[in-house]
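Reviewing the structure listed below.
The values are calculated or read from the model by the stated rules, or taken from the named source; none is laboratory data. None of these values were measured; they are calculated from a predicted model. Every residue, glycine among them, receives a Cβ derived from its backbone with ideal geometry; neighbour counts consider all protein chains shown. For the accessible areas, the whole protein counts, side chains as well, though only heavy atoms, and no ligand, DNA or RNA atoms are used. Shrake-Rupley method; radii C 1.70, N 1.55, O 1.52, S 1.80 Å.
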Amino acid sequence: MSTLTGKKILVIGRGSGIARAVVTAAQSEGAHVVVAGRDPHTLREVYGAELAVEPVDVTDEASIAALAERLVTVDHVVTTASARARGAVSELAPETVALSFATKAIGPILLAKHLAPRMPEDGSFVLFSGATAVRPTAGMLAVAGTNGAVDSITKGLAVELAPIRVNAIAPGTVDTGAYDGLGPETKAALFAARSATSPARRVGTADDIAQAVLFVLTATFLTGVSIAVDGGETLV
Ligand SMILES: NC(=O)c1ccc[n+]([C@@H]2O[C@H](COP(=O)([O-])OP(=O)(O)OC[C@H]3O[C@@H](n4cnc5c(N)ncnc54)[C@H](OP(=O)(O)O)[C@@H]3O)[C@@H](O)[C@H]2O)c1
């Protein structure tokens, strides 16, 4: 029996990509998964009636407080919520940068504020950082700054919420649909370039990341770290 069997795990995000892979992986370990996001209608369509679906907007404290009331208790929280903030510094609007921070950095602080009091001592949070925090590329300044903040917040929350554990996963380039906005040719060229230089010689899959999430959820001596799951992309 897995240590996640019967545990209530809240997974926040969209009904696809990394969030969906985490849901599937956690269910395969026997967890009781609750999914939450801004679009519960789509989440219900994706997951069907057997999975509990909750509305939440992680930039809205009242929405998080209401979710906490409805959940009553929770063992683990995984938040993949992220707002796109790509763009060269010359083009970046302050609202874009602020929304990125509100979603990935402040959101987890508010989740901790309202959900940690409802968690057992062996509960945990999993945040999402990204490879840009340690290896920014041009046009990714706001994403890099947001991910750097996530890394610091992960450490700070781990100290403050102890013994509840707080960790982050920092993916490299992962084919989740997040790059579809580039168009098929640009996306294929980017993935080919990243695959050519990455020590893993490929881009990641959502399942690669979900396996890492299972590890941090169950590694009871692990807290306050951001784990790079990037195929070595940040080494080169
Ligand atoms: N894919 C990669 O290569 C990569 C690389 C580095 C880091 N990451 C990180 O890994 C995580 C998951 O990545 P992904 O590619 O699977 O997903 P993603 O494309 O980054 O999607 C994240 C989803 O979060 C939801 N969201 C946005 N704002 C929200 C809010 N205020 N409240 C609740 N949900 C909100 C949105 O779904 P709705 O529109 O349905 O609300 C959005 O589609 C993200 O944190 C991402 O930054 C990914």
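Computed from phi, the 3J(HN,Hα) profile of region 38-51 under the Karplus parametrisation 6.51, -1.76, 1.60 (θ = phi - 60°) reads 6, 10, x, 4, 5, 4, 5, 5, 6, 9, x, 6, 7, 9 Hz, with x in place of Gly and Pro. In the assembled protein chains, Tyr179 presents an accessible area of approximately 30 Å² (probe radius 1.4 Å). Principal axis analysis of the Cα atoms in region 184-236 yields extents of 42, 22, 15 Å, listed in decreasing size.
Across the protein chains, with a 1.4 Å probe defining accessible surface, the residues Glu233, Glu45 rank Glu45, Glu233 from largest area downward. Across region 92-102, coupling constants 3J(HN,Hα) worked out from phi with the 6.51/-1.76/1.60 Karplus curve, θ = phi - 60°, read 6, 8, x, 5, 5, 5, 5, 5, 4, 5, 4 Hz, and Gly and Pro carry x.
In the assembled protein chains, Asp122 presents an accessible area of approximately 90 Å² (probe radius 1.4 Å).
In region 137-180, the inverse of the mean reciprocal separation of distinct Cα atoms equals 12.2 Å; this is its Kirkwood hydrodynamic radius.
Compared with the dominant principal axis of the Cα atoms in the chain, helix 141-161 is inclined by about 30°. In this structure, the amide hydrogen of Gly204, modeled 1.01 Å from its nitrogen in the peptide plane, lies closer than 5 angstrom to those of Thr173, Val174, Asp175, counting only residues at least 5 positions away or on a different chain.
Among Thr197, Thr24, Thr223, the largest mean-square fluctuation in a Gaussian network model of the chain (Cα springs under 10 Å) belongs to Thr197. Across region 15-113, Cα-Cα pairs more than 22 Å apart make up 35 percent of the total. Taking the longest Cα principal axis of the chain as reference, the axis of helix 61-71 is set at about 50 degrees. Magnitude of the charge dipole for the chain, about its Cα centre and with charges confined to Cβ atoms of Lys, Arg (+1) and Asp, Glu (-1), is about 280 debye.
With every protein chain left in place and a probe of 1.4 Å, what is the accessible surface of Ile227, to the nearest 10 Å²? Estimated to the nearest 10 Å², Ile227 gives 40 Å². Distances between placed amide hydrogens fall under 5 Å for Val229 paired with Ala170, Gly172, all partners being 5 or more residues away or on another chain. Panel values: region 8-229, Kirkwood radius from alpha carbon pairs, Stokes-Einstein at 20 °C and 1.002 mPa s, translational diffusion coefficient 122 µm²/s.
Please determine, in degrees from 0 to 90 and to the nearest 10, the orientation of helix 184-197 with respect to the longest principal axis defined by the Cα atoms of the chain, where the helix direction is its Cα long axis. The helix 184-197 is inclined about 90 degrees to the chain.
Normalised per residue, the accessible area of region 8-229 is 45 Å², obtained with a 1.4 Å probe and no contribution from ligands, DNA or RNA.
Cross-link partners for Lys8 among the lysines, with Cα-Cα distance under 27 Å and sequence neighbours closer than 8 places in the same chain left out: Lys104, Lys113, Lys155. Note on Lys187: aspartates and glutamates with a C-alpha under 13 Å away, same-chain residues under 8 apart excluded, are Asp175.
Under 5 Å from the amide H of Ala52 lie the amide H atoms of Val35, each residue being 5 or more positions distant or on a separate chain, with H modelled from the backbone and absent for Pro and chain starts. For region 135-236, with all protein chains in place and a probe radius of 1.4 Å, 62% of the accessible heavy-atom surface sits on carbon or sulfur. Per-residue ellipticity at 222 nm, computed for the chain from helices alone with -39500 (n - 2.57) per DSSP H run of at least four residues, works out to -12500 deg cm²/dmol.
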